1. How far apart, in nm, are two points set 7 Å out from the Cα along the Cα-to-Cβ line at residue 130 and at residue 154?
2. State, to one decimal in nm, how far the label point of residue 100 lies from the label point of residue 295, with both points 7 Å from Cα in the Cβ direction.
3. Any idea how far apart residue 228 and residue 89 come out in nm if each label point goes 7 Å out from Cα toward Cβ?
Amino acid sequence: MHGSHPTQTLYERITSKIMEAMNNGAGTFKMPWHAPIAATAFPVNASTHAPYRGINILSLWVDALTQEYPSGYWASYRQWQHLGAQVRKGERGSLIVFYKRAEPQTDADENSDERSGRPIFTASHVFNAAQVEGWIPDDAPHEPRFEPHEQVEAFVQAVGARVEQGHAMARYRLDMDCIEMPSPLWFTGTSSSTSLQSYYAVLLHELTHWSGASHRLDREFGKRFGDEAYAMEELVAELGAAFMCSAFGLANDPRPDHAQYLASWLKVLGSDPKAIFAASSRAQEATQFLFGLAEGGHH
């Protein structure tokens with residue numbers, strides 16, 4: 001495979017964008033999943049109302065944050081035109097990626113994606129609602145929102161994970177298959193989140209770890225702190241917490257040990273541009289698995 005393979009270039013472009021955001025002003029920049037709630041609404045297509053998925057959530061979150069877009073609505077140039085809006089001159093689109101299955105071609109090279117009918121990786125660009133003129137959003141009434149802590153509490157209970165309170169630190173114990181948490185009363189609030197929100201952000205991080213046990217999603221856990229598998233699992237757990245915090249309307253404030261984990265994430269990302277894709281995909285799989293458990297009831 002040549003170094004200029006288009007798929008590889010896309011991995012590198014998105015990864016480098018996220019890494020650049022992480023590296024900019026190490027102490028001041030908040031990654032999107034730790035931003036105030038207005039900036040972390042799930043990105044949604046303004047035309048189809050479908051939420052973006054996987055790596056595209058991260059890519060659009062980073063752009064929304066760096067460009068300070070107040071809206072979570074995105075669409076392609078042509079989709080905005082169909083909605084009666086016009087992208088302003090000089091606006092730059094944000095990169096998204098998607099897969100489409102190739103129709104098998106009998107006359108294609110036998111090792112090519114076209115021959116096998118394997119999914120083909122495609123890039124596109126979308127624009128935020130803040131980059132267009134003439135769009136009037138639907139004022140459809142939103143579903144009534146529950147108090148976030150009640151909602152998350154019911155969710156964790158429906159998932160069926162065993163959670164023990166009063167421990168000195170938060171962790172998922174593989175040997176006991178349970179989550180150990182400090183008392184919610186020990187968590188403190190910050191400028192961007194309440195103490196309860198901080199508590200649930202950590203709990204959802206540990207719940208993502210819980211989903212990876214061998215009799216569930218069977219993710220590889222690292223054997224020691226700081227090895228690559230450990231760092232990857234931490235990134236998966238942090239992204240899983242980010243996805244769920246956003247779904248529940250919770251702001252996810254950085255954990256005190258965030259800087260430590262960030263260093264090992266960057267090591268993983270630097271050594272393999274596909275790492276952020278893999279982590280994002282696994283975090284989404286974990287989130288969907290947990291919501292599926294909650295909706296189906298625990299057996």
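1. In this crude spin-label approximation the distance works out to 3.3 nm.
2. 2.7 nm
3. 4.9 nm
We did not get these values from a lab; they are worked out from the coordinates using the rules stated. These figures come from a predicted structure and were not determined experimentally. Note: ideal-geometry Cβ built from the backbone for every residue, glycine included; neighbour counts use all protein chains shown.
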